[in-house]
Amino acid sequence: MPVASATCCPQCRRPVKDDDLACELCGLLLRRTTGAPVPSPLPSHIPPRGSPFEPPVTASFVADATYEEPRVDSIAGVSPPWFFISIGALLAPLLTFTPILQYAGWFFGSLCHESGHAAMGWYLGCPSIPAIRLDGHAAAIHQEQSKFLCAIVMAAFAWLAWRDRASRGRQVTWIALLAIYPVLAFTGAREAAFLFAGHLGELAFATYFLSRAVSGGFTGSAAERAAHAMVGWFLVGRNVWLAGGLLWKESVRDWYADSGSFGLVNDYLRIAREVFGSSIAVPATAMLVVALLVLPTALWIGKRSES
């Protein structure tokens, strides 16, 4: 390990004198000598360096000592990822059934939903901005398609394929996306993709939040991991409840038919009528399957992020 130089501080590189005990700029301790107290106040019950009660420390200072948090292999007998996933599942109903938090849950879920619509709109060359009204209405209406925006997306895929030409797998992925894009953007599939994107956006956010709970999040703190898991489960739960209700409860189907924001027709109804020409059970079943895949996908992503 590096030892302090007699001419400069090893941390900030400020010039120091041979008899300096600490750097005047950053305060880094440079040396300790027998009988010389460390230039920092100590509680009276702690003996100074070099006292008969403590062996003297001589000469050099060791720079940049680090401390690593001990790895926790289990919490209450459960591995940390599953512990926080379970805590999040227990906390998620607070965003649904608690009067104070219920509105916050609706607002956040609507923001994820409309952001999914808007992102798909821009991706397919149709500028779109999510709009959420405080009285419980939300929508994202896309504009006419811009061929210029579509050209930018296709050029980006082509550039990514060229950039990753050394990696066969990545290059094939970008080329496949480039080949699929015109089919998705310039046919009737465009409107279907836009309609599906709302609920897919919610489940994409749910996957992200649950994966952060598994991997440790940004800080690794218990509070952050539990919060990520709670929000992720809330988004999954509301999609499972809606899709399941549309499949098996007449009351939910009646409510859904009359609950469109701003007087618009809800997504699943439009998908059933305009895309599949079927009952609402078809899109509801498809989205229910996707919702059930969120947890295993989040676990896989979280484990890869850890490694």
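Once you order the gyration tensor axes a ≥ b ≥ c over the Cα atoms, which shape class does segment 148-244 get: rounded for a/c under 1.5, otherwise prolate or oblate by comparing a/b with b/c? It comes out oblate by the Cα gyration axes. Mind running the shape call on segment 73-126? Use the C-alpha gyration tensor, a ≥ b ≥ c as the square roots of the eigenvalues: rounded below 1.5 for a/c, prolate if a/b tops b/c, oblate otherwise. Here segment 73-126 falls in the oblate category. Please list, by residue number, everything in segment 85-124 whose backbone N is under 11 Å from a paramagnetic label point 7 Å out along Cα→Cβ of His137. Label zone hits: none. Per-peptide packing, taken as the mean over residues of other Cβ atoms within 10 Å, places 169-175, 242-248 in the sequence 242-248, 169-175 from highest down.
Taking 16 Å as the straight-line reach from the Cα of Lys249, none of the lysines fall in range once those fewer than 8 positions away in the same chain are excluded. Taking a Cβ cut-off of under 11 Å around Gln145, the surrounding Lys, Arg, Asp and Glu residues balance to a net charge of 0, with basic ones at +1 and acidic ones at -1. Amide H contacts of Ala22 (H built 1.01 Å from N, in plane; Pro and chain starts excluded): Leu30 sit under 5 Å, all sequence-distant by 5 or more or on other chains. Less than 5 angstrom separates the built amide H of Arg14 from those of Cys9, all sequence-distant by 5 or more or on a different chain.
In the assembled protein chains, Ser251 presents an accessible area of approximately 80 Å² (probe radius 1.4 Å).
As a fraction of the 1.4 Å probe accessible area of segment 202-267, surface on carbon and sulfur atoms comes out at 63 percent. Of the peptides 192-200, 7-15, 286-294, the order by per-residue mean of other Cβ atoms within 10 Å, starting with the highest, comes out as 192-200, 286-294, 7-15.
From the alpha carbon centroid of segment 198-277 to that of segment 115-146 is 17 Å. Spin-label model, Ser251/Arg163: points 7 Å from Cα along the beta carbon direction are separated by 5.2 nm. In the full protein context, segment 110-167 carries 55 Å² of accessible surface per residue, based on a 1.4 Å probe and ignoring ligands, DNA and RNA.
Basic side chains Lys and Arg get +1 at the Cβ, acidic Asp and Glu get -1 at the Cβ, and with that the dipole of segment 83-175 about its Cα centre reaches some 500 debye.
Note on surface exposure: Glu224, Glu202, Glu24, Glu191 rank Glu24, Glu191, Glu224, Glu202 by accessible area, highest first, 1.4 Å probe. The heavy atoms of Thr187 offer some 60 square angstrom of accessible surface to a 1.4 angstrom probe.
The values are calculated or read from the model by the stated rules, or taken from the named source; none is laboratory data. Bear in mind the structure is a predicted one, so any value in this text is a computation, not a measurement. A quick note on method: Cβ atoms are made from the backbone with ideal geometry, for glycine too, and the neighbour counts reach across all protein chains shown. When the accessible area is computed, the model is the full protein with side chains, heavy atoms only, and any ligands, DNA or RNA have been set aside. Shrake-Rupley method; radii C 1.70, N 1.55, O 1.52, S 1.80 Å.
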